[in-house]
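The values are calculated or read from the model by the stated rules, or taken from the named source; none is laboratory data. Quick caveat: nothing in here was measured; it's all calculated off a predicted structure. Positions of Cβ are backbone-derived with ideal geometry, glycine not excepted, and every protein chain shown enters the neighbour counts.
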2 protein chains.
Amino acid sequence: MKPLSIKDIAKKANVSITTVSFILNGKAEKMRISQEMILKVEKIIQELGFKPNQVARSLRTGTTKTIGLIVEDISNPFFAAIARLIEDKAYKHGYKIIYSSTENDLEKAKGLIRMFKTRQVDGYIIVPVTGLEEEIQDLLNNNTPVVVFDRSLPGLDVNSVLVDCAAGTYAAVESLIKQGKKNIAFVTVDVDVQQIKDRYAGYMNALKDSGIKASKKLHQLIPFSSTPDETAGLLKNFFTKNAEIDAVLFATNYLAVRGLFCFKELNKTLNGDFKVISYDDHDIFKLHSPEISAVDQPIDEIAENVISLILKDLAADHTLEKAPFNQVLLKSRLISR
Amino acid sequence: MKPLSIKDIAKKANVSITTVSFILNGKAEKMRISQEMILKVEKIIQELGFKPNQVARSLRTGTTKTIGLIVEDISNPFFAAIARLIEDKAYKHGYKIIYSSTENDLEKAKGLIRMFKTRQVDGYIIVPVTGLEEEIQDLLNNNTPVVVFDRSLPGLDVNSVLVDCAAGTYAAVESLIKQGKKNIAFVTVDVDVQQIKDRYAGYMNALKDSGIKASKKLHQLIPFSSTPDETAGLLKNFFTKNAEIDAVLFATNYLAVRGLFCFKELNKTLNGDFKVISYDDHDIFKLHSPEISAVDQPIDEIAENVISLILKDLAADHTLEKAPFNQVLLKSRLISR
């Protein structure tokens with residue numbers, strides 16, 4: 001059966017479609033429709049069990065109670081855990097989350113913002129990709145609530161929830177130096193955002209402050225687009241070639257997991273002469289023998305701040321004034337295992 | 001600046017809004033609007049740089065090139081990995097995926113389907129929850145493409161991609177019995193779907209076929225809604241109380257991971273007198289010492305079949321005939337480590 005339309009209601013009530021529309025839109029009084037007529041139409045609406053078309057309603061009210069969440073990769077446990085927490089918290093406030101991954105692909109990220117615009121989400125939570133500045137600025141210019149997290153883009157005045165990455169890797173390298181490590185390697189990903197650069201800066205500064213000369217040889221970059229096999233090949237080659245390495249800091253947890261697979265294959269004994277630390281924690285590091293140290297990012301706090309900022313922004317009346325933006329910088333914590 | 005509306009175009013062209021709308025909708029000729037008028041309005045549209053409202057366009061064309069993916073819990077590595085694969089494959093075919101988690105909550109699942117309807121997704125990929133039959137049947141009645149995976153709902157004629165769970169747990173328990181295990185425990189979750197019951201049935205049948213009497217005592221149910229701490233408490237109690245257990249099969253990988261945390265706390269030596277198998281694999285099991293055996297579900301094949309079925313259904317002309325539904329049953333594989 002075809003769903004009932006406004007036309008059916010109008011016919012049954014013997015009034016114009018416009019009248020029904022005004023009543024459905026809550027504009028009846030403004031449009032001077034009589035109280036009697038309003039009651040009559042509302043009764044028919046109830047009798048016929050009419051449900052206004054949701055898209056039409058969205059067009060009318062302008063809100064969809066939906067927030068678009070754009071992350072790097074939903075299969076990464078860091079993003080998956082945050083997505084789940086954000087979803088839980090948003091749901092309690094009557095918002096649904098729809099998410100999608102950019103895989104650090106700018107064109108895909110742009111496409112996702114276009115899609116979410118089409119779907120008319122009320123606000124955006126974005127793990128940005130370099131090059132997305134214009135799209136985000138457009139959203140902001142239209143007074144659309146936006147919160148970015150995990151990383152920022154230079155020159156954008158936008159709500160953000162970030163972690164002090166440089167302090168995290170600094171503390172990790174400092175602890176390795178205190179344990180007498182001299183040839184500390186740094187394995188990172190080629191994602192061009194400040195937060196990944198900061199992780200490198202923290203590593204470099206910790207070496208410098210201890211008077212250790214950094215060696216380019218001990219700095220390995222893994223393309224984000226690498227398959228697990230390609231990553232395994234690069235890591236195996238790197239650690240075999242540089243036998244002097246006595247400790248390694250991985251800039252992300254997924255790289256550290258790939259590293260553990262590599263060390264297993266190479267039969268490398270860990271945490272004695274060769275110490276491993278991951279930036280970002282993972283259940284694997286807690287269950288591994290030996291346990292693997294990690295710089296823990298405050299996942300709960302990140303999710304909590306992201307959702308509070310977006311809800312605050314969604315509740316604000318942007319017609320009155322431009323909302324001030326908030327930048328939250330959280331601390332990471334070195335967990336020595 | 002307010003975006004241009006159809007009204008602005010109509011005013012500038014000195015025609016009615018309806019005329020502009022017909023031209024935008026490609027209905028001008030049908031509505032006998034003159035060629036001259038069409039050209040005039042199109043020129044104005046071009047001059048003013050008018051972009052038709054995307055929602056309005058969706059209403060018109062009826063497609064959004066978007067597929068809604070509803071999983072149990074996006075932070076579970078099984079669903080996260082499949083979501084990522086589905087997203088990759090869909091993207092290559094010009095479709096975007098938007099996803100959300102039900103957390104096995106029926107009301108939330110219903111709400112998500114309503115939301116995706118509002119967002120006018122072209123098709124649905126659903127990990128169903130018991131009680132969702134009517135909503136899915138409604139979609140099917142409207143010729144909306146639907147594929148369910150991981151589990152099915154009785155009485156629904158719908159495209160599905162499932163794994164033969166009972167065969168998987170049967171093989172796991174059989175291998176434990178061959179290793180001389182006598183008191184094999186089964187730890188499962190209270191999700192009321194056939195596939196979880198099948199995992200139990202496989203366990204029971206393997207015991208029966210070997211003439212081992214099943215004991216209720218060795219069957220532990222963990223509520224899906226339990227926190228990690230609650231799960232830890234239940235597991236610790238279960239394994240402490242039943243010291244005779246010499247092997248355990250976990251019905252899901254996330255329960256097995258919680259189990260590993262529990263055994264670590266209890267200082268239990270694994271894979272000698274006490275053997276652990278997980279239904280569903282996980283990186284943790286490969287990196288754990290000792291390595292943990294698992295019944296591996298074919299994640300790639302699941303994603304591949306799901307996306308082929310939905311694309312086939314999206315491409316079909318449902319006005320001609322009702323599409324036949326396909327049910328794909330995949331095999332799992334015991335990986336003994």
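Below is a table of values for the structure above.
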| read-out | value |
| --- | --- |
| Count of residues meeting criterion [closer than 30 Å to B:ASP122 by Cβ and among the hydrophobic types (A, V, I, L, M, F, W, C)] in segment B:166-201 | 2 |
| Breaking point among (1) modelled with pLDDT of 95 or more; (2) within 18 Å of A:PHE224 (Cα to Cα); (3) in contact with an Asp or Glu (Cβ under 7 Å, 6 or more places away or on another chain), for A:ASN253 | (1) |
| Residue in segment B:263-271 that is in contact with a strand residue (DSSP E or B) (Cβ under 8 Å, 6 or more places away or on another chain), under 27 Å from B:ALA80 (Cα atoms) and outside the structural domain of B:PHE79 (by TED's automatic domain parsing) present | yes |
| Qualifying residue in segment B:312-323 (condition: closer than 15 Å to B:SER160 by Cβ and among the basic types (Lys, Arg)) | yes |
| Residue pairs meeting the criteria (Cβ under 8 Å; at least 6 apart or on separate chains; first within 14 Å of another protein chain (Cβ to nearest Cβ) and more than 15 Å from A:ILE17 (Cα to Cα), in segment A:31-57; second at pLDDT 75 or above and part of a loop (DSSP other than H, G, I, E, B)) | A:VAL55/B:GLN120 |
| Residue match in segment B:63-78 (condition: modelled with pLDDT of 85 or more, part of a helix (DSSP H, G or I) and under 19 Å from the mean Cα position of the chain (by Cα)) | yes |
| Residues of segment B:136-150 satisfying the condition of being in contact with a helix residue (DSSP H, G or I) (Cβ under 9 Å, 6 or more places away or on another chain) and either surrounded by 22 or more Cβ atoms within 10 Å (Cβ to Cβ) or of a type in the set (A, V, I, L, M, F, W, C) (or both) | B:ILE136, B:LEU139, B:PRO145, B:VAL146, B:VAL147, B:VAL148, B:PHE149, B:ASP150 |
| Extreme residue, farthest from the chain's Cα centre (by Cα), among residues of segment A:167-188 that are under 23 Å from A:THR130 (Cβ atoms) and crowded, with 21+ Cβ neighbours inside 10 Å | A:PHE186 |
| Residue within segment B:223-233 that is hydrophobic (A, V, I, L, M, F, W, C), surrounded by 15 or more Cβ atoms within 10 Å (Cβ to Cβ) and free of Cβ contacts under 8 Å to residues at least 40 places away in the same chain present | yes |
| Residue match in segment A:117-130 (condition: part of a helix (DSSP H, G or I), of a type outside the set (A, V, I, L, M) and in the same structural domain as A:ALA316 (by TED's automatic domain parsing)) | yes |
| When residues of segment B:85-97 are limited to those that are surrounded by fewer than 21 Cβ atoms within 10 Å (Cβ to Cβ) and either of a type in the set (Val, Ile, Thr) or assigned to a helix (DSSP H, G or I) (or both), the one farthest from the other protein chains (Cβ to nearest Cβ) | B:LYS89 |
| Scope segment A:260-319; condition free of Cβ contacts under 8 Å to residues at least 60 places away in the same chain, crowded, with 21+ Cβ neighbours inside 10 Å and part of a strand (DSSP E or B); matching residues | A:VAL276, A:SER278, A:ALA294 |
| Selection within segment A:98-144 - without any contact (Cβ under 8 Å) to a residue 24 or more places away in the chain, away from chain B (no Cβ under 14 Å) and under 17 Å from the mean Cα position of the chain (by Cα) | A:GLU133, A:ILE136 |
| Residue match in segment A:216-223 (condition: within 16 Å of A:ASP280 (Cβ to Cβ) and either in contact with a Pro (Cβ under 8 Å, 6 or more places away or on another chain) or of a type in the set (Ser, Thr, Tyr) (or both)) | no |
| Failed condition for A:SER101, given (1) surrounded by fewer than 24 Cβ atoms within 10 Å (Cβ to Cβ); (2) out of contact with any Pro (no Cβ under 8 Å at 6 or more places or on another chain) | (1) |
| Residue that is nearest to A:ALA303 (Cα to Cα) [pool: residues in segment B:72-84 that are at the interface with chain A (Cβ under 7 Å from one of its Cβ atoms) and among the hydrophobic types (A, V, I, L, M, F, W, C)] | B:ILE74 |
| Check on A:GLU107, of a type outside the set (Ser, Thr, Tyr), at pLDDT 85 or above, assigned by TED's automatic domain parsing to the domain that holds A:ARG151 and in contact with a strand residue (DSSP E or B) (Cβ under 8 Å, 6 or more places away or on another chain) | no |
| Evaluation of B:VAL187 against (1) of a type in the set (Val, Ile, Thr); (2) touching a Gly at 6+ places or on another chain (Cβ under 7 Å); (3) outside any strand (DSSP E or B) (one fails), failing number | (3) |
| Any hit, segment A:209-221, residues being loosely packed, with under 15 Cβ neighbours inside 10 Å, over 16 Å from the mean Cα position of the chain (by Cα) and within 30 Å of A:PHE116 (Cβ to Cβ) | no |
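Every residue, every condition in (1) of a type in the set (Gly, Ala, Ser); (2) at pLDDT below 95, yes or no:
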site	(1), (2)
B:LYS181	no, no
B:ILE184	no, no
B:VAL191	no, yes
B:LYS197	no, yes
B:ALA201	yes, no
B:SER215	yes, yes
B:PHE224	no, yes
B:THR227	no, yes
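Yes or no, residue by residue, for (1) within 14 Å of another protein chain (Cβ to nearest Cβ); (2) of a type in the set (Gly, Ala, Ser); (3) farther than 26 Å from A:ASP88 by Cα:
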{"site": "A:THR269", "(1), (2), (3)": "yes, no, yes"}
{"site": "A:ASP283", "(1), (2), (3)": "yes, no, no"}
{"site": "A:LEU287", "(1), (2), (3)": "yes, no, yes"}
{"site": "A:ALA303", "(1), (2), (3)": "yes, yes, no"}
{"site": "A:ASP313", "(1), (2), (3)": "no, no, no"}
